[in-house]
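Read the figures in this text as sums done on the coordinates, not as results from a lab. Since the structure is predicted, the reported quantities are computational estimates derived from the model, not experimental observations. Please note: Cβ atoms are built from the backbone with ideal geometry, for glycine as well, and neighbour counts cover all protein chains shown.
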Amino acid sequence: MTIWQPDPGETLLSRAPVTFATGAAPRVRGMRWFRDTERNDILHELSGWPEGPSFTARSTGGAVAEKSLRGAATAAGVAVMAFLSAAGGNLSGGGGSDDSGSDTPDDPADEVEDFPVMWAAPGTIARTLPWQLDPGRADEKRYSTHLIVTDRRLVVVGLPFNKKDLKAIEDEVLWQCARSEVDGVELKNFKDGNDFKVTFADGSWCRLSCNWRLKITSYLVPPRDLIPLEALTPQQRKTVQEFSEEKQMPDSVSPILSRNSNGRIRIDILLPSRYTSAFGASEVTATMEPDGRKVDIGDYQPEDF
């Protein structure tokens, strides 16, 4: 098993599966494009990319028809669910998304009329992103791409995906860039609420999708100030140490410390034992008061979540 590790002195902040996003509006549903700044398709210009699907946006009439069919199917589904519920069925459900999404597009030109997931002039950073991020080119049933965020860089790794053995991780570094090359990260809420846009310092950008978007972007939107362990008071360090020992944190891992807007300090620990190919890195978390007292979960404030 080969798990990507940060360099000495570098702090791993988050890790989760990501892909290029997929259109959700009727005209572009299930589609994505790779564009230059003149909105030309640049697939043929992306070096080393294998053949994959090509898309043509639906006509307005076709989009309306598709929307109507989907609406009819949804109505039928609701009717079936209502019947089962009335008959005493035990129904439950839920999704993996952090957000409920929105029916209002942030940018109709890029979400309703067109759906670029790469916007890049020649020679810009976004054009260097790996083709394995594209669900149309990589087999998601057997392969996964994870985005790793550290205090120094963003890294994309590829790894085999075996749903019968989620602990099997063989990371291959596909791409990376320094945090200084990232100009901004924006949450995109249209429809599913899984997407986010990464804009690079040269003006190029990409649109990615993650079912656990808040986990992967929590240290990017907005960037959170990290607190060095040595900056804590003795009582605060004692609380961190006790929590680390309780969770059996190995010596190779460092706790991630940040300050919530209410003044409390959040402690996150990414335990290697909790890494999986399906979910990435899952944290164990605690919160403490400024005086170092650990906060009981029942006393959490909204800012602590």
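Only sites in a loop by DSSP and with at most 15 other Cβ atoms within 10 Å count here; which GluC sites (Glu not before Pro) in the range 1-63 make the cut? Passing sites in the range 1-63 are Glu10, Glu38, Glu51. Take the convex hull of the alpha carbons in the range 229-304; its mean projected area over all directions comes to 5.6 nm². The ranking of Asp296, Asp304 by Cβ neighbour count inside 10 Å, starting from the fewest, reads Asp296, Asp304. Ellipticity at 222 nm from helices only: DSSP H runs of n ≥ 4 in the chain, each -39500 (n - 2.57), divided by the residue count, give -5000 deg cm²/dmol. Loop-located GluC sites (Glu not before Pro) in the range 238-302 (DSSP state other than H, G, I, E, B) with a sparse environment of at most 14 neighbouring Cβ atoms within 10 Å are absent. Rg to Rh ratio, the range 149-305, alpha-carbon atoms and Kirkwood radius? Computed over Cα atoms, the ratio is 0.98.
Hey, what angle do you get for helix 60-86 against the long axis of the chain, alpha-carbon based, 0 to 90 degrees rounded to 10? Roughly 60 degrees between the two axes. Evaluated over the chain, the count of Lys pairs having alpha-carbon atoms less than 22 Å apart is 16 (only pairs 8 or more residues apart or interchain).
Taking the longest Cα principal axis of the chain as reference, the axis of helix 234-246 is set at about 60 degrees. Other residues lying with their Cβ under 11 Å from the Cβ of Asp36 contribute a combined charge of 0, Lys and Arg counting +1, Asp and Glu -1.
Entry note, the chain: relative contact order of 22 percent, from Cα contacts under 8 Å with a spacing of 6+ residues.
Across the range 229-304, the relative contact order, built from alpha-carbon pairs under 8 Å that are at least six residues apart, equals 30 percent. Restricted to Cα atoms, the chain shows a radius of gyration and a Dmax of 21.7, 67 angstrom.
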